[in-house]
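**Q** What follows is a single structure, and I will ask about it in a moment.
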Amino acid sequence: MVRTETLEKLQLIDRQFIPSEALKIIEAMLDEEISLHKLRKLSAWIGDCNADTGTSEKRIEELHQEKQLAKKLARMAEINKVRLKVQASLEIDFSE
């Protein structure tokens with residue numbers, strides 16, 4: 001099956017938050033994705049202790065970098081006494 005169009009788009013978040021609230025939301029989303037990749041990595045290792053887990057390891061590192069960026073943005077917003085607007089949506093489609 002070839003991807004042809006987005007089946008559904010879910011709007012998860014679209015509002016302003018004080019920096020600490022925004023950071024909690026962003027970190028929760030990133031932590032969930034990090035946990036998923038750690039679980040995939042563990043599953044691969046259990047099946048084969050020599051399995052290539054480089055893709056998950058790379059993604060985990062990228063997500064940790066994103067968390068650091070989110071913390072930096074939250075600190076900047078606090079210093080400037082402004083809110084952060086957070087928008088998050090999911091596009092869902094079929095993939096092979």
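The values are calculated or read from the model by the stated rules, or taken from the named source; none is laboratory data. These figures come from a predicted structure and were not determined experimentally. Cβ: placed from backbone, ideal geometry, glycine included. Neighbour counts: every protein chain shown.
**Q** Tally time: how many residues in region 32-44 are among the acidic types (Asp, Glu) and surrounded by fewer than 13 Cβ atoms within 10 Å (Cβ to Cβ)?
**A** Qualifying residue count for the region: 1.
**Q** If you take the residues in region 1-44 that are acidic (Asp, Glu) and modelled with pLDDT of 90 or more, which one is farthest from the chain's Cα centre (by Cα)? Full working, then the answer.
**A** Just the residues of region 1-44 that are acidic (Asp, Glu), to begin with: 5, 8, 14, 21, 27, 31-33.
Right, trim to modelled with pLDDT of 90 or more and you get 8, 14, 21, 27, 31-33.
Working: 8: 19, 14: 16, 21: 16, 27: 8, 31: 7, 32: 7, 33: 5 Å.
Here the answer is 8.
**Q** What do you reckon, is residue 18 under 24 Å from residue 93 (Cα atoms) and hydrophobic (A, V, I, L, M, F, W, C)?
**A** The answer is no for residue 18.
**Q** I would also like to ask the following. Select from region 84-96 the residues that are exposed (fewer than 14 other Cβ atoms within 10 Å of the Cβ) and closer than 18 Å to residue 13 by Cα and list them in ascending order.
**A** Taking region 84-96 as the starting set, the residues that turn out to be exposed (fewer than 14 other Cβ atoms within 10 Å of the Cβ) are 85, 87-96.
If the condition is that a residue be exposed (fewer than 14 other Cβ atoms within 10 Å of the Cβ) and closer than 18 Å to residue 13 by Cα, then 85, 87, 88, 89, 90, 91, 92 are the ones that fit.
**Q** Say whether the condition of being closer than 19 Å to residue 28 by Cβ, modelled with pLDDT of 90 or more and surrounded by 11 or more Cβ atoms within 10 Å (Cβ to Cβ) is met by at least one residue in region 45-57. Let's see the steps before the verdict.
**A** First, pick out the residues of region 45-57 that are closer than 19 Å to residue 28 by Cβ: none.
The answer is no, given that none of the residues of region 45-57 is closer than 19 Å to residue 28 by Cβ, modelled with pLDDT of 90 or more and surrounded by 11 or more Cβ atoms within 10 Å (Cβ to Cβ).
Results for (1) surrounded by 10 or more Cβ atoms within 10 Å (Cβ to Cβ); (2) in contact (Cβ under 8 Å) with a residue 24 or more places away in the chain, shown as yes or no for each residue.
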{"position": "5", "(1), (2)": "no, yes"}
{"position": "18", "(1), (2)": "yes, yes"}
{"position": "23", "(1), (2)": "yes, yes"}
{"position": "26", "(1), (2)": "yes, yes"}
{"position": "69", "(1), (2)": "yes, no"}
